[in-house]
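Working notes, structure below.
The values are calculated or read from the model by the stated rules, or taken from the named source; none is laboratory data. Bear in mind that the values here come from a model prediction, so they are computed numbers and not experimental data. All Cβ positions, even for glycine, are placed from backbone atoms using ideal geometry, and neighbour counts span all protein chains on display.
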């Protein structure tokens, strides 16, 4: 009888551990998508749904430095931290940057590696256009921890996948659409798909479908509707409402070939009423916003 009890307890522990690992792999999940060229009225539009554990707050903040470009970003604020990490941003030259976690690669395989730079803030502060990033791609991406990065300017979108040991791929989109979730899509980095999460596959399939059926050119309003899509339930939809991880923000930047970009941000902080902000990123915005 005692042996049966021990075995039963062991099974419960194994099940809970497996469940935790599954949920943990889905915590750091985001959906990225965009369109460029004729699909975006001659410019670009990119979007991020930010999924994370609802244990912190998010704020919008202007960053000005003595050196480098000013940028406006969505920052995370944890009670125990005095600093704020930038999870999405756009700079005064209309370069937009955000990332998604490489959830298909267990964090224990790379978390011990030192962080050489905060990639979002570094790119926003240092680069004006995608071509500048392309000219320095090896120096930027070969020393990064695994992640997925989407970057845009007025003319193109860069989709970067970073694996281990300096391996990365970079795709340039000048006309058409692109989407990414939390697993590696490039064949040369497939070795880093140790375990692809159900949510990552479902969200990728759904956002690709919505992009395919969306009228052209893509605009902020159509991307905002995609962002709120709940087709696949609380844990696998584009807008997630699960108990462990949920969508905490939407970040959409529409950048025309000429003229001021437009930023639309939805902030869904835990325990607070959802906020929607729309900004025209013109000279006045960059001059007066604090």
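Some observations on this one:
- Residue match in the stretch 100-119 (condition: at pLDDT 95 or above and part of a strand (DSSP E or B)): yes
- Residue 99 in contact (Cβ under 8 Å) with a residue 24 or more places away in the chain and closer than 26 Å to residue 245 by Cα: yes
- Scanning the stretch 57-79 for residues that are surrounded by fewer than 17 Cβ atoms within 10 Å (Cβ to Cβ), free of Cβ contacts under 8 Å to residues at least 60 places away in the same chain and not in a strand (DSSP E or B) returns 64, 66, 67, 68, 78, 79.
- Check on residue 188, surrounded by fewer than 22 Cβ atoms within 10 Å (Cβ to Cβ) and assigned to a strand (DSSP E or B): no
- Strands (runs of 3 or more DSSP E) completely within the stretch 201-290 that count 1 or more residues being free of Cβ contacts under 8 Å to residues at least 60 places away in the same chain: 262-267, 275-280
- Boolean, residue 227 is within 17 Å of the chain's Cα centre (by Cα) and over 15 Å from residue 72 (Cα atoms): yes
- For the condition within 27 Å of residue 271 (Cα to Cα) and not in a strand (DSSP E or B), residue 42 does not qualify.
Here is a yes/no grid of residues against (1) more than 19 Å from residue 201 (Cβ to Cβ); (2) surrounded by fewer than 16 Cβ atoms within 10 Å (Cβ to Cβ):
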site: 233; (1), (2): no, yes
site: 238; (1), (2): no, no
site: 248; (1), (2): yes, no
site: 252; (1), (2): yes, no
site: 269; (1), (2): yes, no
site: 272; (1), (2): yes, yes
site: 277; (1), (2): yes, yes
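- Note on the stretch 191-200: among residues that are surrounded by 15 or more Cβ atoms within 10 Å (Cβ to Cβ) and in a helix (DSSP H, G or I), the one that is nearest to the chain's Cα centre (by Cα) is 200.
- Scanning the stretch 120-140 for residues being under 24 Å from residue 200 (Cα atoms) and surrounded by fewer than 22 Cβ atoms within 10 Å (Cβ to Cβ) gives a total of 0.
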